[in-house]
Amino acid sequence: MLEIAVCDDDIADLECAVNMLHKIFTSQKIAYHIEKFMSANQMLENISRIDIGILDISMEELNGIKLGRKLKEKFPDVKLVYITSYEEYCMQVINEVHAFSFLCKPLEYDKLEMQMLELLDQLPDTGAEKDFYKVTDSNGKEYLSIKLKLRDILYFEYIKRSRKVLIALSDITYEYDCIFEKLVEELQPYDFVVNCRGNLVNLRHIEKIKGFTIYMDNGKELQIAQKRSSDFREEVNKFLQKNS
């Protein structure tokens, strides 16, 4: 799922940008999620993953250029698009934070759409996908099959009472029939590691580890079995080195 964040301290401009973005990404049939913020500090405190940032430059608390620098430090691959009423900021934005593009207010739908489509062409591959069969989601809806991107899955959990496997995403869960051991073997090349009996965690969604507790980037806490701790931490270190 594409994660988009918009930050503008003018509520009218913020809503305008968000409404345009909903229309653009819905028309492209792309799975996406938009967060909107009226302050740079609020955005920095609450965002855990971002693919595209749409930032107003002229904000009182922390301007968009400084916000962009902080986002680049935390999320090096983020694509930044700046919006402002002041064209003289254009070269500063391009030179200092390597913005993807620059748009002037008031936003024009056609220009924003063109920039978003060009940006989508430059985003890296979102990764492997996997088909899951005979699935029920957390709202009780049943599917003969669904296709999920592995990068969007936080963890898998074997549910003993129902003999099913739970698939946890940031905003929804699914259950399906599966032999857990086969799933572990299949997903090993994709940075999924067993943290305790019946749990398989996606290393890219770990925010930190403290003691035997894993803190995921959505706030979820998982446990590491003591006997698996050494091997698990070794796999985490390998992952970090590979992606540094």
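The values are calculated or read from the model by the stated rules, or taken from the named source; none is laboratory data. Quick caveat: nothing in here was measured; it's all calculated off a predicted structure. Don't worry about glycine lacking a Cβ; one is built from the backbone with ideal geometry, like all the others, and counts go over all protein chains shown. In case anyone asks, the SASA skips ligands and DNA or RNA and just uses the protein heavy atoms, side chains included. Shrake-Rupley method; radii C 1.70, N 1.55, O 1.52, S 1.80 Å.
Per-structure values
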{"item": "Number of positions in segment 48-62 that are open to solvent by less than 50 Å² (accessible area, probe 1.4 Å) and either of a type in the set (S, T, N, Q) or touching a strand residue (DSSP E or B) at 6+ places or on another chain (Cβ under 6 Å) (or both)", "result": "8"}
{"item": "Index of the failed condition, L44 passing every other in (1) aliphatic (A, V, I, L, M); (2) open to solvent by 10 Å² or more (accessible area, probe 1.4 Å); (3) part of a helix (DSSP H, G or I); (4) within 22 Å of K105 (Cβ to Cβ)", "result": "(4)"}
{"item": "Residues within segment 42-87 that are among the acidic types (D, E) and under 17 Å from the mean Cα position of the chain (by Cα), tallied", "result": "4"}
{"item": "Among residues of segment 166-192, those that are farther than 17 Å from K149 by Cα and not aromatic (F, W, Y), counted", "result": "6"}
{"item": "Residue within segment 108-117 that is open to solvent by less than 30 Å² (accessible area, probe 1.4 Å), modelled with pLDDT of 90 or more, of a type in the set (D, E, K, R) and under 24 Å from the mean Cα position of the chain (by Cα) present", "result": "no"}
{"item": "Selected residue (criterion: least open to solvent (accessible area, probe 1.4 Å)) from residues of segment 69-78 that are out of contact with any Gly (no Cβ under 7 Å at 6 or more places or on another chain) and either in a helix (DSSP H, G or I) or closer than 17 Å to D8 by Cβ (or both)", "result": "K72"}
{"item": "Any pair with Cβ under 6 angstrom, 6 or more apart, that starts in segment 115-136 at a residue that is farther than 22 Å from P189 by Cβ and ends at one that is at pLDDT 80 or above and in a loop (DSSP other than H, G, I, E, B)", "result": "K134/D177"}
{"item": "Residue check for V81: of a type in the set (A, V, I, L, M) and modelled with pLDDT of 95 or more", "result": "no"}
{"item": "Residue ID - nearest to the chain's Cα centre (by Cα), chosen from residues in segment 5-34 that are in a strand (DSSP E or B) and at pLDDT 95 or above", "result": "A5"}
{"item": "Candidate set from segment 84-107 (those that are open to solvent by less than 70 Å² (accessible area, probe 1.4 Å) and either of a type in the set (G, A, S) or at positive phi (or both)); member that is modelled with the lowest pLDDT", "result": "A99"}
{"item": "Restricting segment 159-209 to residues that are in contact with a helix residue (DSSP H, G or I) (Cβ under 7 Å, 6 or more places away or on another chain) and closer than 20 Å to E142 by Cβ, the residue that is least open to solvent (accessible area, probe 1.4 Å)", "result": "V165"}
